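Asks: Pasting a structure below so you can have a look.
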Amino acid sequence: MIAHGTVHKYGDNVDTDVIIPARYLNTANHKELASHCMEDIDKEFTSKVKVGDVMVGGANFGCGSSREHAPIAIKESGISVVIAETFARIFYRNAINIGLAILECPEASAKIQAGDDVEVDFDTGIITNHTKNEQYKAQPFPPFIQEIIAKGGLLASISEG
């Protein structure tokens, strides 16, 4: 599986309240959540993001509450993969559970900039920055987790058998 898109870049400690502000948690509608994704730190995100784009963060991405709304908002906004130096553990698990691809790669997190054209090969973990003509290596997920993500999340993967 390959992801390819333009980068939206954020720093360290991007918490779930920034990803989807608590004032919008009264809905379970995924499109409504996505329409407010990142608005407190990037008011233009929802107007700039395109299906397939890539989000890059720093250390401890997704810290804060354990709500699944944050990875749902990111995925529904069109982001194909989130790359970060590190992820908060509960966000990491929630992302896999809802089928949002994520990769930890400190080098990519440090070197990739907003607006770069990036491609990710999930089978190999190779992240290619076409803008800078660089490659970075992340640890790819094992096939069973790749299958969960490809099928749209944990529940979708087990309901298919």
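The values are calculated or read from the model by the stated rules, or taken from the named source; none is laboratory data. Keep in mind it's a predicted model, so treat the numbers as computed, not measured. Heads up, the Cβs are rebuilt from the backbone with ideal geometry, glycines too, and the neighbour counts pull from every protein chain shown. Remember, those area values only see protein heavy atoms, side chains included, never the ligands or the DNA or RNA. Shrake-Rupley method; radii C 1.70, N 1.55, O 1.52, S 1.80 Å.
Asks: Please list, or write none, the lysines whose alpha carbon is within less than 25 Å of the alpha carbon of Lys111, excluding same-chain residues fewer than 8 places away.
Replies: Within reach: Lys9, Lys43, Lys48, Lys50, Lys75, Lys132, Lys137.
Asks: Please calculate how many Å² of accessible area the stretch 80-161 carries per residue, with a 1.4 Å probe and no DNA, RNA or ligand atoms counted.
Replies: Ligands and nucleic acids excluded, the result is 47 Å² per residue.
Asks: With a cut-off of 8 Å between alpha carbons and a minimum separation of six or more residues, what is the relative contact order of the stretch 69-150 in percent?
Replies: 26 percent.
Asks: Leaving ligands, DNA and RNA out of it, report the carbon-plus-sulfur percent of the accessible area of the chain at a 1.4 Å probe.
Replies: The nonpolar share, carbon plus sulfur, comes to 53 percent.
Asks: Over every pair of different alpha-carbon atoms in the chain, take the mean of 1/r and invert it; report that Kirkwood radius in Å.
Replies: Hydrodynamic radius (Kirkwood, Cα only) of the chain equals 15.4 Å.
Asks: Can you give the net charge of the other residues whose Cβ lies under 14 Å from the Cβ of Arg23, counting K and R as +1 and D and E as -1?
Replies: -3
Asks: Another question, if that's okay. Taking every DSSP beta bridge with both residues inside the stretch 1-146, roughly what % is antiparallel (nearest 5)?
Replies: So the antiparallel bridges in the stretch 1-146 amount to around 50 percent.
Asks: With a Förster radius of 25 Å, plug the Cβ-Cβ distance of Arg89 and Leu25 into 1/(1 + (r/R0)^6) and report the FRET value to the nearest 0.05.
Replies: 0.75
Asks: While we're on this one: Nothing charged except the Cβ atoms of Lys and Arg (+1) and of Asp and Glu (-1): what's the magnitude of the dipole of the stretch 1-147 about its Cα centre? Round to the nearest 20 debye.
Replies: Here the size comes out at about 200 debye.
Asks: Please report the Cα spread of the stretch 61-139 along all three principal axes, rounded to whole Å, starting with the longest.
Replies: Over the stretch 61-139, Cα extents along the principal axes are 37, 24, 21 Å.
Asks: Multiplying the sequence separation of Ser159 and Ile145 by 0.36 nm and subtracting their Cα-Cα distance, what value in nm do you get?
Replies: Full extension from Ser159 to Ile145 adds 3.5 nm.
Asks: Out of the trypsin sites (Lys or Arg not before Pro) in the stretch 100-160, which ones are loop residues according to DSSP with at most 15 other C-beta atoms within 10 Å?
Replies: Sites meeting the loop and neighbour criteria: Lys132, Lys151.
Asks: So what is the accessible area of the stretch 1-72 per residue, in Å², with the probe set to 1.4 Å?
Replies: On a per-residue basis, 48 Å².
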